[in-house]
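The values are calculated or read from the model by the stated rules, or taken from the named source; none is laboratory data. None of these values were measured; they are calculated from a predicted model. Cβ sites come from the backbone with ideal geometry, for glycine too, and all protein chains shown count toward neighbours. Remember, those area values only see protein heavy atoms, side chains included, never the ligands or the DNA or RNA. Shrake-Rupley method; radii C 1.70, N 1.55, O 1.52, S 1.80 Å.
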Amino acid sequence: MTTKLRSTTKFHGINNIKRPEALGHGELTQARNVDLTNEGRLVRRDGLSLIQAGDCHSLWSEGGHSLVVRENQLSRINYDLTLTPLLVVTANRRMVYTRLNGEVYFSNGIEAGRYDGGSVKPWSLPKPQAPTLSVLAGGALPPGLYRAVVVFHTTPGEKSAASEPSLIEVPAQGGFSVSIPAFPADVAAASVYVTPPNGTEYYRVMQTITPTPVPVTTTSAFGAICDTIGLLPLPVGDHIAAFGGSLVSAKGEMLYFSEPFAPGRMRANNFVVMKGDITMLRPTPQGMFVGAAGTEFFAGTNMSQARVRRVSDSTPLADTDVVLNPGDFPKIEEPHFAWMSNRGFVLGSPQGGVTLLTEDHVSLPSSDVGSLGIIRKNGMIQLLAMLKDPADQGSTFGVSD
């Protein structure tokens, strides 16, 4: 029996949905260690070179900062590819990152912080201790019960949550002093806010650049209302994102968000309960994609006013979302967003539109976490996905398109 062989010089990519005997001319069931060019040619991929030995994961780079976790240390990747340790963290915990206000915020669900290119700091300034109040003679305050709080400031204008209030009874024609706690690192000043006699609103009476007691002897100095009363620490999440000036943190099915321009601090009602565990937070100029047993789109420019709609039944895989810029992908006129899902590659538009790119011809093994990157080489631009082996034996498999 003679077998007739067919030759081809142009390939069309992977199709592992069809039966092998039903494949079209130039379709492949797999393509290992090769790249497919725009002209349909197969090119052998480059080999690998070891840069750092050890358990390395959670690689991230943006805006001149490159970070990685090696063993139990969050480290900076230097230009010569050496590592500078920044922080000891729990080993084998996936780290996530986002940029906000010129700093890199990070979290692994246990430890969290922010990196400014020089040092690692907490998400927010520490909350001051409640001040000690002492009666002063010779003031001009009306008699009554006064309350006072202290707020820390940095030179760029960041504010801490207000301290717990302290109370004092002041006689007629009296006054009182407010102690100022010692300044932690990065704190440049502290403001004192007090209530009118028997009042509930807190008004600023003085800002000091030294941790020395502040006298309060008249109500004529009352200024702006304190806007950080009652702020709580933002819970440390397994996914984080910057959206509308807020830091968004997701843990399980809970979606928490900070007050605008007060990262790390939130109101008690700043949360949304999703329909399943959250696997992705991807902001766009017009909203934010949230993966949780499907994909929702929060349309708007901030969390408190966003309108939520379901845009896909596909569930994004953790850590596989990237930004696609028009300069790299000529067929798009504005930045779009790509991620891997349980149904293959997904393309998201700034307005919340979702397109499944590979569902009809590529079937992927089950996975719930991975990584997606943009590879530029030899005149080609590719999306390269690395998905975690479901057996969790440390191996990975890759898909490119």
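Report yes if ASP80 is open to solvent by less than 70 Å² (accessible area, probe 1.4 Å) and farther than 30 Å from GLU359 by Cβ, otherwise no.
No: the conditions fail for ASP80.
Can you give me the number of residues within region 63-109 that are under 23 Å from PHE261 (Cβ atoms) and of a type in the set (D, E, K, R)? Talk me through it step by step, then tell me what you get.
Narrowing region 63-109 to residues under 23 Å from PHE261 (Cβ atoms): 63-65, 96-107.
Of the ones still in play, those that are also of a type in the set (D, E, K, R) are 99, 103.
So the answer is 2.
Is it true that ASP392 is of a type in the set (Asp, Glu), at pLDDT below 80 and not in a strand (DSSP E or B)? First the steps, then the outcome.
Working: of a type in the set (Asp, Glu): yes; at pLDDT below 80: yes; not in a strand (DSSP E or B): yes.
In short, yes.
Looking at GLY54, GLY109, which one is surrounded by fewer than 12 Cβ atoms within 10 Å (Cβ to Cβ) and assigned to a loop (DSSP other than H, G, I, E, B)?
Working: GLY109 fails: surrounded by fewer than 12 Cβ atoms within 10 Å (Cβ to Cβ).
None of the other options fit; the residue is GLY54.
Is it true that VAL369 is in contact with a strand residue (DSSP E or B) (Cβ under 7 Å, 6 or more places away or on another chain), open to solvent by 40 Å² or more (accessible area, probe 1.4 Å) and touching a residue at least 12 places away in the same chain (Cβ under 8 Å)?
It is false that VAL369 is in contact with a strand residue (DSSP E or B) (Cβ under 7 Å, 6 or more places away or on another chain), open to solvent by 40 Å² or more (accessible area, probe 1.4 Å) and touching a residue at least 12 places away in the same chain (Cβ under 8 Å).
Within the bounds of region 252-263, is there any residue that is in contact with an Asp or Glu (Cβ under 6 Å, 6 or more places away or on another chain) and not acidic (Asp, Glu)?
Yes, region 252-263 has at least one match.
Condition (residue is assigned to a strand (DSSP E or B) and open to solvent by less than 70 Å² (accessible area, probe 1.4 Å)) applied to region 122-132: is it met by at least one residue?
No, region 122-132 contains no residue that is assigned to a strand (DSSP E or B) and open to solvent by less than 70 Å² (accessible area, probe 1.4 Å).
Please return the ranges of strands (runs of 3 or more DSSP E) entirely within region 244-309 where 1 or more residues are open to solvent by 10 Å² or more (accessible area, probe 1.4 Å) and touching a strand residue (DSSP E or B) at 6+ places or on another chain (Cβ under 6 Å).
254-257, 271-273, 280-284, 295-299
Considering region 310-337 alone, what residues qualify as being open to solvent by 30 Å² or more (accessible area, probe 1.4 Å), free of Cβ contacts under 8 Å to residues at least 24 places away in the same chain and among the aliphatic types (A, V, I, L, M)?
Correct list: VAL323 only.
Could you run through region 224-243 and say how many residues are in a strand (DSSP E or B) and under 26 Å from PHE289 (Cα atoms)?
Looking only at that region, the number is 7.
What single numbered condition from (1) part of a loop (DSSP other than H, G, I, E, B); (2) of a type outside the set (A, V, I, L, M); (3) surrounded by 13 or more Cβ atoms within 10 Å (Cβ to Cβ) fails to hold for ARG114?
Here ARG114 meets the rest and fails (1).
How many residues, within region 166-190, are open to solvent by less than 60 Å² (accessible area, probe 1.4 Å) and in a loop (DSSP other than H, G, I, E, B)? Can you show your working first?
Narrowing region 166-190 to residues open to solvent by less than 60 Å² (accessible area, probe 1.4 Å): 166, 168, 170, 174-181, 183-184, 187-190.
Filter again for in a loop (DSSP other than H, G, I, E, B), leaving 179-181, 183-184, 187-188.
Result for region 166-190: 7.
Among what's in region 133-142 and is free of Cβ contacts under 8 Å to residues at least 60 places away in the same chain and in contact with a strand residue (DSSP E or B) (Cβ under 6 Å, 6 or more places away or on another chain), pick the residue that is most open to solvent (accessible area, probe 1.4 Å).
That would be VAL135.
Condition first: β-branched (Val, Ile, Thr) and either in contact with a Lys or Arg (Cβ under 8 Å, 6 or more places away or on another chain) or surrounded by fewer than 16 Cβ atoms within 10 Å (Cβ to Cβ) (or both). Now tell me which residues in region 83-106 satisfy that.
First pass over region 83-106, keeping only residues β-branched (Val, Ile, Thr): 84, 88-90, 96, 98, 104.
Matches in region 83-106: THR84, VAL88, THR90, VAL104.
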